[in-house]
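Right, one structure below, let's go through it.
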Amino acid sequence: MQQYQPRWVNGQEVGTGIRKAAPRYEAIAAELGDHRGFTVLDLGAYNGYFSLRLAEAFDARCTAVDDHRGLPAALAEAGDDRVTGVFHRLTREEFHALPEFDVVLCLSVLHHVPWWEDLLQGLQDKARLLFVEVASASEVLPKAVAHCPEIPEAVAAIEGARVIAKSHGYRSKKIRPLYAIGSLD
């Protein structure tokens with residue numbers, strides 16, 4: 001079975017994934033510029049690809065959050081003490097109890113969260129620079145509990161939201177925009 005996205009191991013991409021990670025990472029890295037040592041919340045981290053790359057390239061301190069069973073092993077194998085794992089889905093209360101972060105990644109997560117509107121508002125409050133990728137409203141996503149046309153509309157309507165990349169969705173030719181909101185400057 002092909003994984004959702006490739007893994008990041010010892011400074012290189014390993015394996016293939018249904019979703020390409022490198023082009024999305026490169027768009028995020030371009031937004032980060034020459035900043036270093038910032039904090040990152042990576043919601044829906046899957047196997048930690050983005051957290052591990054950001055820790056390595058930017059000396060970022062990352063919190064990778066996902067209930068994917070491969071995340072603990074991926075982080076243990078990497079052995080990067082700049083990346084901490086939270087190995088379950090956060091409840092609304094756990095999310096709101098988190099501190100603020102310099103950077104927050106929310107890549108293709110909102111359609112999995114019934115309280116997505118509250119999450120989206122909270123993400124804006126917790127991040128200086130927020131990256132949000134949304135599924136196309138017309139994608140077929142049988143496991144998504146909150147998939148609706150309002151999600152992409154709500155993200156696009158955030159003041160200052162700008163599309164920095166586009167990629168194919170999950171087993172789909174539908175295009176998912178990746179937005180950057182805010183700045184580290």
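What follows draws every value from the coordinates through simple rules; no lab data is involved. Being a predicted model, the structure only gives us computed values, none of them experimental. Positions of Cβ are generated from backbone atoms using ideal geometry, with glycine treated the same way; all protein chains shown enter the neighbour counts.
Computed from phi, the 3J(HN,Hα) profile of the range 162-176 under the Karplus parametrisation 6.51, -1.76, 1.60 (θ = phi - 60°) reads 9, 6, 10, 6, 9, 8, 5, x, 6, 6, 8, 8, 5, 9, 10 Hz, with x in place of Gly and Pro.
Using just the helices of the chain, give the 222 nm mean residue ellipticity in deg cm²/dmol: DSSP H runs with n ≥ 4 each add -39,500 (n - 2.57), and the total is spread over all residues, rounded to 500.
-8000 deg cm²/dmol
Provide the FRET efficiency to the nearest 0.05 for the Leu98-Val140 pair, computing r from the beta carbons and using R0 = 25 Å.
0.20
Here the Karplus relation 6.51 cos²θ - 1.76 cosθ + 1.60, evaluated at θ = phi - 60°, turns the backbone of the range 64-72 into coupling constants of 9, 10, 5, 9, 4, 5, x, 5, x Hz, with x for every Gly and Pro. What is the total of Lys pairs in the range 20-182 with C-alpha atoms under 21 Å apart, excluding same-chain pairs fewer than 8 positions apart? Lysine pairs meeting the criterion: 7. Residues whose amide H comes within less than 5 Å of that of Thr63, counting only those at least five positions distant or on another chain, are Val40, Leu41, Asp42, Thr84 (H built at 1.01 Å from N in the peptide plane). In terms of its Cα atoms, the range 20-182 spans 39, 33, 32 Å along the principal axes, sorted from long to short.
Converting phi to 3J(HN,Hα) with the Karplus coefficients 6.51, -1.76 and 1.60 and the offset θ = phi - 60°, the range 15-31 yields x, 10, x, 4, 10, 6, 9, 4, x, 6, 4, 4, 5, 5, 4, 4, 5 Hz in sequence order, with x at every glycine or proline. Judged by the mean number of other Cβ atoms found within 10 Å, the most tightly packed of the peptides 52-58, 103-109 leads the ranking 103-109, 52-58.
Within 10 Å, count the other beta carbons around each residue, average over each peptide in 131-139, 42-50, and list them highest first.
42-50, 131-139
Given q = 0.10, 0.16, 0.20 Å⁻¹, what are the Debye log10 I(q)/I(0) values for the range 1-86, with equal point scatterers placed on the Cα positions and solvent ignored? Per q value, in the given order, log10 I(q)/I(0) is -0.21, -0.55, -0.87. Sorted largest first, the principal axis extents computed over the alpha-carbon atoms of the range 115-172 equal 32, 25, 16 Å.
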